[in-house]
1. Can you bin every Cα-Cα distance in the range 67-172 into 5 Å intervals starting at zero and give me the percent of pairs per bin, rounded to whole numbers?
2. Place a +1 charge on the Cβ of each Lys and Arg in the chain and a -1 charge on the Cβ of each Asp and Glu, then give the dipole magnitude about the Cα centre in debye, rounded to the nearest 20.
3. For the ranges 109-121, 26-38, what's the packing order if you count other beta-carbon atoms within 10 Å of each residue, average per peptide, and put the highest first?
4. Below 8 Å, C-alpha to C-alpha, sequence gap of six or more: please give me the relative contact order for the range 20-172 in percent.
5. Taking θ as phi - 60°, what are the ³J(HN,Hα) couplings along the range 10-22 by the Karplus curve (6.51, -1.76, 1.60), each to the nearest whole Hz, with x for Gly and Pro?
6. Which value at 222 nm does the chain reach when only helices count, each DSSP H run of 4 or more adding -39,500 (n - 2.57), with the total divided by all residues and rounded to the nearest 500 deg cm²/dmol?
7. If you line up the Cα atoms of the range 2-162 on their principal axes, what length do they span on each, largest first, in Å?
8. At what distance in angstrom do the alpha carbon centres of the range 141-166 and the range 112-132 lie from each other?
Amino acid sequence: MKGVDLVAELMAISAVTAPKAKGENFLQIKILKGPALKKLAKGMIAFGDRLKKKDFDRDAKNVQTSGAVVLIGVSKATPAGLNCGACGFSSCAELLKAKPLEVEFRGPTCAFRILDLGIALGSSVKTASILNVDNRIMYRIGAVVRDMNVVDWDFVMGIPLSVTGKSPYFDR
């Protein structure tokens, strides 16, 4: 549906223009549609089965029935330089020296960069909501697109989009 494609593009604009700590942008955005959604849904089921994690199959059904998925994440985000300790380290220098962890996401990451991502996600879903397109932020999509090498970002969330008589993302 052309309307969903347009809304996905407008959501990307909302994410890009959302405020960011120190005005530094580490956001990454990608829109999936068409056959990529079926491939993602299959990958989500396989991921959940392989790791024995629940609800990946449920969210995969949502992805299969969606018109598009907007991916928003952060990549190679340097610390904001505030030495605030919110990341769990006493200084940004310690954070930079930390051994990277690779689980579902790559970390550690500066808390301000994750806040930037949250603000961008909120701005993006607000745009979809204003335009009456059902959506939901899903961490499981983010974990799987990293696992499938669709993106190589440090931390990513997925937002499926739907235009139907009732939102498929609630009362699941």
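Where a number appears in this text, it was derived from the coordinates with a stated rule and is not lab data. The shown structure was predicted, so the numbers you read here are calculated from the model rather than taken from an experiment. Quick reminder, even Gly has a Cβ in these numbers, built from the backbone with ideal geometry, and neighbours come from all protein chains shown.
1. It works out to 2, 12, 20, 19, 16, 13, 9, 5, 3, 1, 0, in whole percents.
2. 320
3. On the way: 109-121: 20.6, 26-38: 16.8.
Answer by packing, highest mean first, reads 109-121, 26-38.
4. Numbers: 249 pairs, mean separation 43.4, N = 153.
Relative contact order of the range 20-172: 28 percent.
5. 5, 5, 4, 4, 4, 5, 4, 8, 5, x, 9, 4, 6
6. The helix contribution divided over the chain gives -14000 deg cm²/dmol.
7. 45, 37, 20
8. Computed from Cα coordinates, the inter-centre distance equals 14 Å.
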